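All remarks here apply to the structure that follows.
The values are calculated or read from the model by the stated rules, or taken from the named source; none is laboratory data. Since this is a predicted model, take the numbers as computed values, not measurements. Heads up, the Cβs are rebuilt from the backbone with ideal geometry, glycines too, and the neighbour counts pull from every protein chain shown.
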Amino acid sequence: MAPEPHKYLLWQQRYFGDQRMSTDEGLSLDEGVRTLLLLMPRLVGRAKRMPVPEPLRTLDLAPRHLSLLSYLLFDGPLTVNELAARLEVAPATVSLMVGDLSRKGVVNRREDEADRRRTIVSIAEANREAVDAWLARGACAWRSALEPLTSEQRRVFVETLRSYERAVTGDGVTGLNPVSPVIPAYRLTGLPHAHGE
């Protein structure tokens with residue numbers, strides 16, 4: 001059950017003092033963590049609800065397929081090894097994904113004329129428009145969010161997301177547990193502990 005409004009404000013003041021989230025003053029570290037803890041699940045949920053274009057709807061495509069198709073759309077035809085490097089997975093994993101997409105008619109595979117040991121992957125022309133439409137909404141949303149920023153601010157934002165990804169996966173964590181013992185997650189939300197504190 002959500003706390004009464006006045007109790008919620010008391011908890012806010014207890015753990016953040018009388019600070020306010022101000023665009024002029026910026027955010028404290030704890031305010032930033034709290035805001036993102038609450039925001040990220042919403043972002044992920046809305047991304048998952050993005051409608052899949054009709055031609056692709058029956059193909060049971062997963063988010064991992066979207067990442068692979070994004071690289072092919074933005075960078076053009078790529079080899080399996082190039083895709084694996086971009087996706088940061090093993091070439092064998094990409095081969096399985098490409099095989100699955102090829103059977104569904106979403107991508108084409110062909111031998112590299114310069115080196116027949118390599119396979120070049122591209123989006124099938126019949127589905128290029130549908131793949132483009134699938135990515136368009138997200139691309140427009142990112143453009144809208146990033147356009148007001150300077151190039152340096154965009155760089156910092158992207159690097160921050162990459163740092164978060166590394167920390168969440170345990171790569172590059174600097175000694176803190178995912179939930180810091182110093183500031184429990186329930187305190188960052190501003191809500192009372194389940195057992196009452």
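The table for this structure:
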quantity: Residue that is nearest to Leu101 (Cα to Cα), among those in the range 18-47 that are basic (Lys, Arg) and modelled with pLDDT of 75 or more; calculated: Arg46
quantity: Meets criteria (surrounded by 11 or more Cβ atoms within 10 Å (Cβ to Cβ), more than 28 Å from Val121 (Cβ to Cβ) and not small (Gly, Ala, Ser)) for Leu37; calculated: yes
quantity: Per-region count, the range 116-157, residues farther than 19 Å from Val98 by Cα and either among the acidic types (Asp, Glu) or in a helix (DSSP H, G or I) (or both); calculated: 20
quantity: Test: residue in the range 61-75 that is free of Cβ contacts under 8 Å to residues at least 60 places away in the same chain and basic (Lys, Arg); calculated: yes
quantity: Number of the exception - Ala84 against (1) surrounded by 10 or more Cβ atoms within 10 Å (Cβ to Cβ); (2) at pLDDT below 85; (3) closer than 22 Å to Arg162 by Cβ; calculated: (2)
quantity: Residue tally, condition surrounded by fewer than 10 Cβ atoms within 10 Å (Cβ to Cβ) and either within 15 Å of Pro77 (Cα to Cα) or at pLDDT below 85 (or both), over the range 116-148; calculated: 3
